[in-house]
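Undergrad: Take a look at the following structure, please.
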Amino acid sequence: MAQVTDGPGLYQLAEEHEELRAAVRALAEKEIAPYAAEVDEDERYPVEASEALSKAGFQAIHIPEEYEGQGADAIAACIVIEEVARVDASASLIPAVNKLGTQPILLSASDEVKKLVLPSIASGEASASYALSEREAGSDTASMRTRAKRDGDNWVLNGTKCWITNAGESTWYTVMAVSDPDAPKKSNGISAFVVHKDDPGFTVGPKEKKLGIKGSPTREIYFENCTIPAERIIGEPGTGLKTALRTLDHTRPTIGAQALGIAQGALDATVAYVKDRKQFGKAIGEFQGVQFMLADMGTKIEAARHLVYASAAATERGDSRASFMASAAKTYASDIAMSVTTDAVQLFGGAGYTRDFPVERMMRDAKITQIYEGTNQIQRMVMARQLLK
Ligand SMILES: Cc1cc2nc3c(=O)[nH]c(=O)nc-3n(C[C@H](O)[C@H](O)[C@H](O)COP(=O)(O)OP(=O)(O)OC[C@H]3O[C@@H](n4cnc5c(N)ncnc54)[C@H](O)[C@@H]3O)c2cc1C
């Protein structure tokens, strides 16, 4: 029989992870939560959150020490995103998109590109976005049209990417473009590049008008003969889509963490409300019909938390089930975030339907987690493919 481990470490997070959670929670409640409603109402970038996260070193804790970062593991990165999302989903996109934008570089870029980009993200002086989607190439990523042509010592990019999170705020953009339109398989004709906001021929469009995450700008980005040095390719020509999709295996747990944080924030607000609100002469939390809803919300959150951390650890280990688990974590956590926030609004009654309480915003913010980084239908396709293999 395998040796049985005893003691407090059995099947629980490391002490360092719990200390990190306490530190991020304290910062989020003090420096981010007070601005969350205003950021949503005014549809403005959460500058207070950005400054506080960078000052504390929580804006991109995943950058390896080799590149002047903290080298935190994938679970730690999820905890930061979860705790920020618990008070403000828009602000949680700062660490989440820094990870998304840099993951292709971490996976496949040359040391030269890593040295160019990563220390600036680690210090908080710069940030990164990820540009895969196009208006006509959303779920079907391989049908993208943005072109990259080699021209002597440069690559020249032309086209439009859309739905780019934090575009206009970011310094660096990881961009996937077709470098070989004649490749027999479309997916083998796509390469990945690093573009700087000041590169000639790069511009950003107006902000999309969205249902939620209103503090995080989503814009189109344009390439008009955008010229970058040849060394800024990520990996070999033709490997860009593979890198982009491998990236998502690492970042889908972070979207699960974001969804989990939103759901936890909604449950916490609801528990406080049902203890306080009185009808029929007692607190509404004393009614069994309300208690059963709370119990179900808590159960879903607990289950999602285990899946999110397990999937983050699986991607870090390079586990053969990592891709399945990343999709499962993103799908499950985002589906429960939608149901938990909807139930939270229900338990606030009429008050839940107004902007006087945070659950209305949380319900709107939760919806995006079922859509981006691959819709939940696409996740289910990914999962089913693995099961049927
Ligand atoms: C706020 C926001 C931020 C985003 N941020 C980024 C970003 O930073 N970078 C980036 O590259 N992209 C980003 N995206 C894009 C996002 O990843 C896409 O919107 C998403 O992948 C879906 O693509 P689509 O919108 O074209 O929908 P479509 O692909 O048109 O899908 C429409 C519907 O059809 C369903 N569908 C499509 N194909 C199938 C199928 N084979 N089987 C079953 N159902 C199917 C979809 O699930 C969906 O319900 C963002 C999007 C939003 C809204």
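Undergrad: Filter LYS114/LYS197; LYS278/LYS367; LYS115/LYS242; LYS300/LYS367; LYS367/LYS389 down to the pairs with a C-alpha to C-alpha distance above 27 Å, please. Could you put the intermediate results ahead of the total?
TA: Details: LYS114/LYS197 17 Å; LYS278/LYS367 30 Å; LYS115/LYS242 22 Å; LYS300/LYS367 16 Å; LYS367/LYS389 31 Å.
In this structure, LYS278/LYS367; LYS367/LYS389 exceed 27 Å between Cα atoms.
Undergrad: Distance from the Cα centre of segment 195-230 to that of segment 103-170, in angstrom?
TA: Taking the Cα centre of segment 103-170 as reference, the centre of segment 195-230 is 10 Å away.
Undergrad: Which Rg and Dmax, in Å, describe the Cα atoms of segment 128-286?
TA: Here Rg and the maximum Cα pair distance are 21.1, 79 Å.
Undergrad: Where in segment 111-131 does the label zone of GLU231 land, with the point 7 angstrom along Cα→C-beta and an amide N cut-off under 15 Å?
TA: Counting backbone N atoms under 15 Å from the label point, the list is 111-119.
Undergrad: If you take every residue apart from SER327 with its C-beta less than 9 Å away from the C-beta of SER327, what net charge results, scoring Lys and Arg +1 and Asp and Glu -1?
TA: Net charge around SER327: +2.
Undergrad: Provide the per-residue ³J(HN,Hα) series for segment 198-215, in order, calculated from phi with Karplus coefficients 6.51, -1.76, 1.60 and θ = phi - 60°, each as a whole number of Hz, with x at glycine and proline positions.
TA: Along segment 198-215, the couplings run 9, 5, x, x, 10, 9, 10, x, x, 6, 5, 9, 10, 5, x, 5, 6, x Hz.
Undergrad: Right, another one. May I ask for the net charge around THR141, where only other residues with Cβ less than 12 Å from the Cβ of THR141 are counted and Lys, Arg are +1 while Asp, Glu are -1?
TA: 0
Undergrad: Where nothing but the Cβ of Lys and Arg (+1) and of Asp and Glu (-1) is charged, how large is the charge dipole of the chain around its Cα centre, in debye to the nearest 20?
TA: Using Cβ point charges on Lys, Arg, Asp and Glu, the chain gives about 1280 debye.
Undergrad: Now, a different point. Mean separation of Cα pairs under 8 Å and 6+ residues apart, divided by the residue count of the chain: what relative contact order is that in percent?
TA: Computed over the chain, the figure is 16 percent.
Undergrad: At q = 0.15, 0.26 Å⁻¹, what base-10 log of I(q)/I(0) does the Debye formula yield for segment 174-256 when every alpha carbon is treated as an equal point scatterer in vacuo?
TA: After summing over all Cα pairs, the log10 values are -0.72, -1.18.
Undergrad: Percent of Cα-Cα pairs more than 26 Å apart in the chain, please.
TA: 52
Undergrad: Here's another thing I want to ask about it. Going by how many other Cβ atoms sit within 10 Å of their own, how do HIS306, HIS196 line up, fewest first?
TA: On the way: HIS306 12, HIS196 16.
Final ranking by Cβ density, sparse to dense: HIS306, HIS196.
Undergrad: Given 4 °C and 1.567 mPa s, compute D for segment 223-368 with the Stokes-Einstein relation, Rh being the Kirkwood radius over Cα pairs; round to the nearest whole µm²/s.
TA: This corresponds to a translational diffusion coefficient of 75 µm²/s.
Undergrad: Which three extents, in whole angstrom, do the alpha-carbon atoms of segment 15-122 cover along their principal axes, largest first?
TA: For segment 15-122, the Cα spread along each principal axis is 42, 35, 19 Å.
Values in this text are rule-based calculations from the coordinates and carry no lab data. Everything numeric in this text was worked out from a predicted model, so none of it was measured. FYI the Cβ positions are ideal-geometry reconstructions off the backbone, even for glycines, and counts take in every protein chain you see.
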